[in-house]
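Reviewing the structure listed below.
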Amino acid sequence: MLPRLMFRSQTLRPRLAGVPALVMPRRMLTVTRTLFMTDGEQHIYDKLHGELQPTKLSVTDSSGGCGSMYVVEIEAECFRGLNRVKQTKMVNGLLKSELKDMHGMRVLCTVPPEKA
């Protein structure tokens with residue numbers, strides 16, 4: 001299985017041992033997206049991207065492709081001033097109908113750095 005490549009403004013962690021990490025220039029990225037997405041990943045990505053307008057978004061099927069477990073990494077300005085529980089509840093609320101068909105979802109929310 002080939003490693004998943006993601007466009008990011010930071011060094012990527014390879015999924016296979018011995019595969020070098022990739023570094024993408026910061027100017028190339030506003031929202032992250034894997035090169036090959038499953039239908040479930042694409043659906044979650046589109047829904048969150050449309051509602052929250054994130055600066056960074058990554059959706060990964062961590063169940064091996066069967067769609068029962070996802071990892072969502074999202075950075076959005078709408079999270080500013082909210083604690084992590086409220087940020088996660090906001091994401092879970094948007095994906096309420098999708099969560100019924102999943103075993104679980106890991107949500108990692110962040111706020112973009114303030115511009116000087």
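Are there chymotrypsin sites (Phe, Trp or Tyr not before Pro) in the range 33-116 that DSSP puts in a loop and that have at most 11 other Cβ atoms within 10 Å, and which ones?
Numbers: sites: Phe36, Tyr45, Tyr70, Phe79; in loops: Phe36.
For chymotrypsin sites (Phe, Trp or Tyr not before Pro) across the range 33-116 that sit outside H, G, I, E and B with at most 11 neighbouring Cβ atoms in 10 Å, the list reads Phe36.
Ranked from the most accessible area to the least, with a 1.4 Å probe and all protein chains present, what is the order of Met69, Met105? Let's see the in-between values first.
Values: Met69 65, Met105 35 Å².
Solvent-accessible surface, decreasing: Met69, Met105.
Please work out how much accessible surface His43 shows to a 1.4 Å probe, ignoring ligands, DNA and RNA, in Å² rounded to 10.
Only protein atoms counted, so the area is about 90 Å².
Under a plain spin-label model, where a point goes 7 Å from the Cα along Cα-to-Cβ, how far apart in nm are His49 and His103?
2.7
The values are calculated or read from the model by the stated rules, or taken from the named source; none is laboratory data. Quantities reported herein were computed from a predicted structural model and do not represent experimental measurements. Backbone-built Cβ (ideal geometry, glycine too); neighbour counts: all protein chains shown. Just the protein is used for accessible areas: all its heavy atoms, side chains included, with ligands, DNA and RNA removed. Shrake-Rupley method; radii C 1.70, N 1.55, O 1.52, S 1.80 Å.
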